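Undergrad: Sharing a structure, written as structure tokens. Questions coming.
The values are calculated or read from the model by the stated rules, or taken from the named source; none is laboratory data. Model, not experiment: these values are computed from the prediction. Cβ coordinates were reconstructed from backbone atoms using ideal geometry, including for glycine residues, and neighbour counts include every protein chain displayed. Remember, those area values only see protein heavy atoms, side chains included, never the ligands or the DNA or RNA. Shrake-Rupley method; radii C 1.70, N 1.55, O 1.52, S 1.80 Å.
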Number of protein chains: 2
Amino acid sequence: MTADRTAASGPVGTLGATAVLRALPSHATRLGTGFWSARVAANAERSLAAGLERMTEAGTLENLELAAGTVAGDAAAYHGKLPFLDSDVYKWLEAVSWHLQSTDSAEWHERAESVIALVGAAQSEDGYINSFVTVKHGGERWTDLPSGHELYCAGHLIQAGIAHHRATGRTSLFDIARRFADLIVAEFGEDGRRVGYCGHPEVETALVELYRETGDAAYLRLADRFISLRGSGQMGDRPFGRRYWQDLVPVRELRALHGHAVRAFYLASGVADVYLETGEPALLDVLRAQWDDLLRGKTYITGGSGARHRDEALGDAFELPADRAYTETCAAIALMHWAWRMQLATGEAQYADIFERVLYNGFLAGVSLHGDHYFYVNPLQVRGDSTLGPQGRQAWFSCACCPPNVMRTLASLTHYLATEDADGLQIHQYAAGEIRTETRGVTVDTGYPLDGNVRITIPQDRAGNWTLALRIPAWANGTATVHVNGEPVEVGDADYVRLTRTWRGGETIDLELPVRPRLTQADPRVDDARGCVAIERGPLVYCAEHLDQDTELAALSLSGRPWDGAQLQIADTTLPTVLIDAAAHAHDTKEPWPYRELGTKPGTAPTHTRVTAIPYFAWANRAYGAMRVWLPHEDAR
Amino acid sequence: MTADRTAASGPVGTLGATAVLRALPSHATRLGTGFWSARVAANAERSLAAGLERMTEAGTLENLELAAGTVAGDAAAYHGKLPFLDSDVYKWLEAVSWHLQSTDSAEWHERAESVIALVGAAQSEDGYINSFVTVKHGGERWTDLPSGHELYCAGHLIQAGIAHHRATGRTSLFDIARRFADLIVAEFGEDGRRVGYCGHPEVETALVELYRETGDAAYLRLADRFISLRGSGQMGDRPFGRRYWQDLVPVRELRALHGHAVRAFYLASGVADVYLETGEPALLDVLRAQWDDLLRGKTYITGGSGARHRDEALGDAFELPADRAYTETCAAIALMHWAWRMQLATGEAQYADIFERVLYNGFLAGVSLHGDHYFYVNPLQVRGDSTLGPQGRQAWFSCACCPPNVMRTLASLTHYLATEDADGLQIHQYAAGEIRTETRGVTVDTGYPLDGNVRITIPQDRAGNWTLALRIPAWANGTATVHVNGEPVEVGDADYVRLTRTWRGGETIDLELPVRPRLTQADPRVDDARGCVAIERGPLVYCAEHLDQDTELAALSLSGRPWDGAQLQIADTTLPTVLIDAAAHAHDTKEPWPYRELGTKPGTAPTHTRVTAIPYFAWANRAYGAMRVWLPHEDAR
């Protein structure tokens, strides 16, 4: 992740020159009690410790010891078949690092350092680290750039090193990472021995961040080189084709993303990072085209992307199956990376809107409320008699990319809430807490997203003349209200309300976002949503789970305008249910053949029932069974 | 295939004792000029020769020579990675054999014998044949029953041997096959050294047919043994799980089919074959339950089955995606096998209805009109900008199970048109031609399915007192008419019209089936069909292809009752198009986000347009591009 200093002022004067908004330093924001503090606490209290246990059980840590020679064993002793298991360790270290910013736990420092010591021991004299290559491939480096993931793993190591350095001030991991980065520059840089790029983009964002951290432009140039070489076809015509690798055309001509979703979004994030530092207009131009194409028909209402199981890939336009949605948790995270960088690059609210949608839905569904079970794949529908793969969230995976990716995202969530520019502070995501830069700051109290009331207070010690910009989410455009010290402020259709004042401190700003259930329908070309509605409420997409319904979930079909009578019940803060009285009918499940002539009647008459919906992120926490986001509705065309 | 003698009277008096209907001898039926004669001619004139070329190019034939030692080479010389390539040769030989029944071509006899010689040379002293095991696995037999396909290949060899024997009277292939069958009985029979069964059912049907051909009950007992052992978990918990192999529960407790569709239907066919000979009621009971479950929600309107790409498997109930339909051509063929045996077992019209639906749609779409390109996967929808895999039909596949399976099906199609029982003759499928048993017979003239007029004549030399039963397809129930010598006959709701007379010869029977376009909708639980209609006409399911429309296919949305104005245009006999004037509207393709609040309007107003549809089986013959079977319609709920 390590996006906290993106485009922040750094040691080199031109850093972030083209960014419209600047990220805040990683320590600028602290969460207070609210929706996110509970989720972040579950991450800190359970996910991190469980992750260490799972990596130990899986042998992921011992693989580093095999590489170091501190544990004896040949290639057959290596744990797991995948070449990128080291990256699990790095992502976990990144998560622990960000966690250490908000705690002084000696225990967690010690745990981190002991894992860092394993990484350091596995590092070769010249800086190279990759346990898979060292143990399984006799140390033969860079022989499989398409699938080997060596640069991908290096990228995660660099991000972890930067996070550990920024969060704790320590250099133990950062020095390891930088030595490897320097080796990579020597190998792959303009004066290096190799011309190539990694099958899985990731190192590009890491290198730009390392440039931000050190001011050494060699890292930025290498990132630019990697994205510029891409599209030349080095990946070859392997299974799934060149689209899978985003290797079909040069990046500067790539106007629509295809193929593997995580690769696509990490690449776009890297391109955006290079743009943020170089300001090359062609890069922003293609990123906007790619974004628009993605949003037009390749993104689920949950913000999830990547429809296809076969190659974990983006579908064609409007290919958005609900039951077979792949929508990998890592793809949600990668899309958040990209959206964040687009927001910095343009200052436009649309990117924060999508960030929010992904955050509360497609991303958050990937981890259990308790924080120790994960979805890799996030369907929008499960049938009652489903025989599709594992049931429910899993504690870990043989390909465990998602769990530590969730961990580092939650541990660094505060980085994405606000930005600054020359005029002041912008709040993009509403979470209870405190935001303080050198000269500006706010305190935020809110029950968002369960309610829509956000109270912001200007601390006494942050007085001065500056602009506070508050994002009005797209779903609230035209209906939000703002009061400063009780006096209404003109909002209109603005996507950011900008309050420019000489703040004396102590002012209260009340933002009210009209959180009410909305029924949303999809473009008729989205086959699995045709004739259906989804229930949304604020930024949350809802779903109906079998165990809350009076009738079989598959039989539910809404009619009329049930949303007028919707009631919100908050059983606990993580499970805000919406009850909707609805005219619904049950389909006869005993028809021998499911096709009939248009105009003939099915065997059943409508009966009145109610629908109970819960936030999509909270599904499959009580039990695993039938679930659907899209509910048939007779008025939906 | 080799179903021609299924339940026919054979050398043992009890053969087919429990069959309600008996198959006719393979020579009993000949096609006249009509819909099917064109398809069968394309098969005979092009498919068979092209298939021989493709198998030669692919090295499939040379693999047999490697096994025989007539071509030198070690394991690395083996062509292809799959263990079941021999079965391509056997299916092709079966197809050529049935073709030889209707031609006296010395050239084709010679081609067949030269390939049979390769098979014979590859046979070991003790009867064993499998080029993959011999060449790639050092002759280590039966080491991988789940995936090795040794018994599967043997089954196809046996079926080819029987076909060659029945069609030509020759024993060259039959003797080879029987020697292998005897070895298998010695290995796997009740007194054999092994207790096991093949991961891919197929040999069961072949063994029952060999029992019918020879009267040797050892083959029937072994088939029964194979189906009885299944479900004991020998396949183990391999990828996709025990459902994939139909190995979760014993066959007699298996009340719903799951997993790999071709395996499932070949198994059900084998169980049905055993039932036809043993009459064990428990078998028919589970077959009926499996069938009903399949028809209730796991079959496409095309008759295709097997929704899932991942494991070529049946989906859950109502999991029938249109774009990601897998619906393997071989699964369509396997379902026809099963349907045919259920028809023999019960005499019920429902099985002939499904046989017909699969035959004209899900099966026939698998081969190009020209007869030399094939679909392995048969989607019901292709998007305009599809990036899903290969474009259009292919000349061959690395896994080439489908092409020769299509060939043997078309070459033996006449076997499935009619049956007999003690009372007379039953016609289930209408094709122009002649059906003659020892004492009964008819001549059929018809343009079916392009029109619905079927004229049947009783030949002078088939006079006598017997019953002619004519199937009324389910879609025509209650609307069909029958005249005998111009005099109307009471039809009512009958699914078979039974005409019992003392035929003098020369009588004409006119069956009129009201072939008109029908708009069909699906159960609302079929997500990809919700709010849509399919156009059907007679037994044909239609689809809209992009190149016939005035507007973008994805934009089409029907309203009103356009089918009243439908016109049929028959450009040529293979492409009977239906033009439907329809109110339709085009969706604005430029909406930046495809989700909107219910009740808000999309950006476009309806415009009048027309829809042109062609039979699904004929799609992708002029060009490959956007296509859909399910068309949005405002009256469809």
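Undergrad: Looking only at residues that are of a type in the set (Val, Ile, Thr) and under 30 Å from B:Asp372 (Cβ atoms) in the range B:407-426, which one is most open to solvent (accessible area, probe 1.4 Å)? Step through it out loud before you land on a result.
TA: Filtering the range B:407-426 for residues of a type in the set (Val, Ile, Thr) gives B:409, B:414, B:419.
Those still in the list that are under 30 Å from B:Asp372 (Cβ atoms) too: B:409, B:414.
On the way: B:Thr409: 1, B:Thr414: 23 Å².
Top of the filtered list is B:Thr414.
Undergrad: Would the range A:65-80 turn up any residue that is surrounded by fewer than 23 Cβ atoms within 10 Å (Cβ to Cβ) and acidic (Asp, Glu)?
TA: Scanning the range A:65-80, I find at least one residue that is surrounded by fewer than 23 Cβ atoms within 10 Å (Cβ to Cβ) and acidic (Asp, Glu), so the answer is yes.
Undergrad: Further, regarding this structure: Would you please name the residue that is nearest to the other protein chains (Cβ to nearest Cβ), looking only at residues in the range B:346-357 that are in contact with a helix residue (DSSP H, G or I) (Cβ under 6 Å, 6 or more places away or on another chain) and closer than 24 Å to B:Val208 by Cα? Let's see the steps before the verdict.
TA: Taking the range B:346-357 as the starting set, the residues that turn out to be in contact with a helix residue (DSSP H, G or I) (Cβ under 6 Å, 6 or more places away or on another chain) are B:351-355.
Now drop any that are not closer than 24 Å to B:Val208 by Cα, which leaves B:351-352, B:354-355.
Details: B:Tyr351: 13, B:Ala352: 14, B:Ile354: 9, B:Phe355: 14 Å.
Applying the filter and picking the extreme gives B:Ile354.
Undergrad: Quick check on my filter: what residues within the range A:315-331 are more than 9 Å from every other protein chain (Cβ to nearest Cβ) and either buried (at least 24 other Cβ atoms within 10 Å of the Cβ) or not in a loop (DSSP other than H, G, I, E, B) (or both)?
TA: So the first thing to find is which residues in the range A:315-331 are more than 9 Å from every other protein chain (Cβ to nearest Cβ), and the list is A:325-331.
Hits for the range A:315-331 are A:Ala325, A:Thr327, A:Glu328, A:Thr329, A:Cys330, A:Ala331.
Undergrad: On to the next question. Looking at the range A:66-115, which of its residues are free of Cβ contacts under 8 Å to residues at least 12 places away in the same chain and in contact with a Leu (Cβ under 6 Å, 6 or more places away or on another chain)?
TA: none
Undergrad: Please work out which one of (1) in contact with a His (Cβ under 6 Å, 6 or more places away or on another chain); (2) within 11 Å of another protein chain (Cβ to nearest Cβ); (3) farther than 23 Å from B:Arg637 by Cα is the condition B:Ala555 fails and give its number.
TA: All conditions pass for B:Ala555, except number (3).
Undergrad: While we're looking at this one, here's another question. Across the range A:209-241, what is the number of residues that are under 30 Å from B:Ser398 (Cα atoms) and open to solvent by 40 Å² or more (accessible area, probe 1.4 Å)? Spell out the reasoning first.
TA: Of the residues in the range A:209-241, the ones under 30 Å from B:Ser398 (Cα atoms) are A:231-241.
So of that shortlist, the ones also open to solvent by 40 Å² or more (accessible area, probe 1.4 Å) come out as A:232, A:234, A:237-240.
Of the residues in the range A:209-241, 6 are under 30 Å from B:Ser398 (Cα atoms) and open to solvent by 40 Å² or more (accessible area, probe 1.4 Å).
Undergrad: Could you please let me know if A:Ala613 is modelled with pLDDT of 85 or more, open to solvent by less than 70 Å² (accessible area, probe 1.4 Å) and in a strand (DSSP E or B)? Walk me through it before giving the result.
TA: Working: modelled with pLDDT of 85 or more: yes; open to solvent by less than 70 Å² (accessible area, probe 1.4 Å): yes; in a strand (DSSP E or B): yes.
Judged against the criteria, A:Ala613 is a match.
Undergrad: Could you list all residues from the range B:524-540 that are surrounded by fewer than 24 Cβ atoms within 10 Å (Cβ to Cβ), basic (Lys, Arg) and either at the interface with chain A (Cβ under 10 Å from one of its Cβ atoms) or more than 22 Å from the chain's Cα centre (by Cα) (or both)?
TA: Within the range B:524-540, B:Arg525 is the sole residue that qualifies.
Undergrad: Would you say A:Ala582 is modelled with pLDDT of 85 or more, away from every other protein chain (no Cβ under 11 Å) and surrounded by 17 or more Cβ atoms within 10 Å (Cβ to Cβ)? Before the answer, list the steps.
TA: Numbers: modelled with pLDDT of 85 or more: no; away from every other protein chain (no Cβ under 11 Å): yes; surrounded by 17 or more Cβ atoms within 10 Å (Cβ to Cβ): yes.
Against the criterion (modelled with pLDDT of 85 or more, away from every other protein chain (no Cβ under 11 Å) and surrounded by 17 or more Cβ atoms within 10 Å (Cβ to Cβ)), A:Ala582 does not qualify.
Undergrad: Among what's in the range A:160-189 and is among the hydroxyl-bearing types (Ser, Thr, Tyr) and in a helix (DSSP H, G or I), pick the residue that is surrounded by the most Cβ atoms within 10 Å (Cβ to Cβ). Step through it out loud before you land on a result.
TA: Start the filter on the range A:160-189 by keeping residues that are among the hydroxyl-bearing types (Ser, Thr, Tyr), which leaves A:168, A:171-172.
With in a helix (DSSP H, G or I) added as a condition, the list becomes A:168, A:172.
Numbers: A:Thr168: 21, A:Ser172: 16.
This residue is A:Thr168.
Undergrad: Can you pull out every residue in the range B:399-430 that is within 22 Å of B:Pro576 (Cβ to Cβ) and touching a Leu at 6+ places or on another chain (Cβ under 6 Å)?
TA: Once the filter is applied, which keeps residues that are within 22 Å of B:Pro576 (Cβ to Cβ) and touching a Leu at 6+ places or on another chain (Cβ under 6 Å), the range B:399-430 yields only B:Gln429.
Undergrad: Within the group A:Arg252, A:Arg230, A:Arg243, which residue is more than 16 Å from the chain's Cα centre (by Cα), among the basic types (Lys, Arg) and either closer than 30 Å to A:Arg537 by Cα or within 10 Å of chain B (Cβ to nearest Cβ) (or both)? Quick ask: steps written out before the conclusion?
TA: Details: A:Arg252 fails: either closer than 30 Å to A:Arg537 by Cα or within 10 Å of chain B (Cβ to nearest Cβ) (or both); A:Arg230 fails: either closer than 30 Å to A:Arg537 by Cα or within 10 Å of chain B (Cβ to nearest Cβ) (or both).
None of the others qualify; the one that does is A:Arg243.
Okay, residues lined up against (1) modelled with pLDDT of 95 or more; (2) assigned to a helix (DSSP H, G or I); (3) open to solvent by less than 50 Å² (accessible area, probe 1.4 Å):
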| position | (1), (2), (3) |
| --- | --- |
| B:Ala7 | no, no, yes |
| B:Ala17 | no, no, no |
| B:Arg30 | yes, no, no |
| B:Thr56 | yes, yes, no |
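Undergrad: Which of (1) crowded, with 24+ Cβ neighbours inside 10 Å; (2) more than 30 Å from A:Leu157 (Cβ to Cβ) is the odd one out, the single condition A:Gly389 does not satisfy?
TA: (1)
Undergrad: Another question about this same structure. State which residue is farthest from B:Thr346 (Cα to Cα) when the search covers only the range B:282-294 and only residues that are within 12 Å of chain A (Cβ to nearest Cβ) and open to solvent by 10 Å² or more (accessible area, probe 1.4 Å). Outline the logic, then answer.
TA: We begin by selecting, within the range B:282-294, every residue within 12 Å of chain A (Cβ to nearest Cβ); these are B:288, B:291-294.
Retained after the next criterion (residues that are open to solvent by 10 Å² or more (accessible area, probe 1.4 Å)): B:288, B:292-293.
Numbers: B:Arg288: 10, B:Asp292: 14, B:Asp293: 18 Å.
Looking at residues that are within 12 Å of chain A (Cβ to nearest Cβ) and open to solvent by 10 Å² or more (accessible area, probe 1.4 Å), I get B:Asp293.
Undergrad: To continue, here is another question. Filter the range A:114-128 down to residues that are more than 18 Å from A:Asn43 (Cβ to Cβ) and under 27 Å from the mean Cα position of the chain (by Cα) and give me whichever is surrounded by the most Cβ atoms within 10 Å (Cβ to Cβ).
TA: Step one: filter the range A:114-128 for residues more than 18 Å from A:Asn43 (Cβ to Cβ), giving A:114, A:116-128.
After this cut, where a residue has to be under 27 Å from the mean Cα position of the chain (by Cα) as well, the list is A:116, A:119.
Details: A:Ile116: 23, A:Val119: 26.
Here the answer is A:Val119.
Undergrad: Turning to a different aspect of this structure: Take the range A:375-389 and flag every residue that is at the interface with another protein chain (Cβ under 10 Å from one of its Cβ atoms) and over 16 Å from A:Ala626 (Cβ atoms). Please lay out each step first, then the result.
TA: First, pick out the residues of the range A:375-389 that are at the interface with another protein chain (Cβ under 10 Å from one of its Cβ atoms): A:381-389.
Once the filter is applied, which keeps residues that are at the interface with another protein chain (Cβ under 10 Å from one of its Cβ atoms) and over 16 Å from A:Ala626 (Cβ atoms), the range A:375-389 yields nothing.
Undergrad: Still on this model: Of all the strands (runs of 3 or more DSSP E) wholly in the range A:427-515, which have at least 1 residues that are open to solvent by less than 30 Å² (accessible area, probe 1.4 Å)? Spell out the reasoning first.
TA: On the way: elements: A:433-436, A:441-446, A:453-457, A:464-471, A:481-484, A:487-489, A:496-503, A:508-512.
It comes to A:433-436, A:441-446, A:453-457, A:464-471, A:481-484, A:496-503, A:508-512.
Undergrad: Can you run down the residue pairs with Cβ atoms below 7 Å, 6 or more apart or on separate chains, where the first is in the range A:509-534 and of a type in the set (S, T, N, Q) and the partner is surrounded by fewer than 21 Cβ atoms within 10 Å (Cβ to Cβ) and assigned to a strand (DSSP E or B)?
TA: A:Thr520/B:Tyr595; A:Thr520/B:Arg596; A:Thr520/B:Glu597; A:Gln521/B:Arg596
Undergrad: Find all pairs meeting these conditions: Cβ atoms under 9 angstrom apart; at least six residues apart or on different chains; first residue within the range A:620-637 and within 17 Å of A:Thr577 (Cα to Cα); second residue open to solvent by 10 Å² or more (accessible area, probe 1.4 Å) and aromatic (Phe, Trp, Tyr).
TA: A:Ala620/A:Phe375
Undergrad: Of the residues in the range A:127-159, how many are of a type in the set (Asp, Glu) and either in a helix (DSSP H, G or I) or touching a Phe, Trp or Tyr at 6+ places or on another chain (Cβ under 9 Å) (or both)? Show your work before the answer.
TA: Start the filter on the range A:127-159 by keeping residues that are of a type in the set (Asp, Glu), which leaves A:140, A:144, A:150.
Of the ones still in play, those that are also either in a helix (DSSP H, G or I) or touching a Phe, Trp or Tyr at 6+ places or on another chain (Cβ under 9 Å) (or both) are A:150.
Residues flagged as of a type in the set (Asp, Glu) and either in a helix (DSSP H, G or I) or touching a Phe, Trp or Tyr at 6+ places or on another chain (Cβ under 9 Å) (or both) within the range A:127-159 amount to 1.
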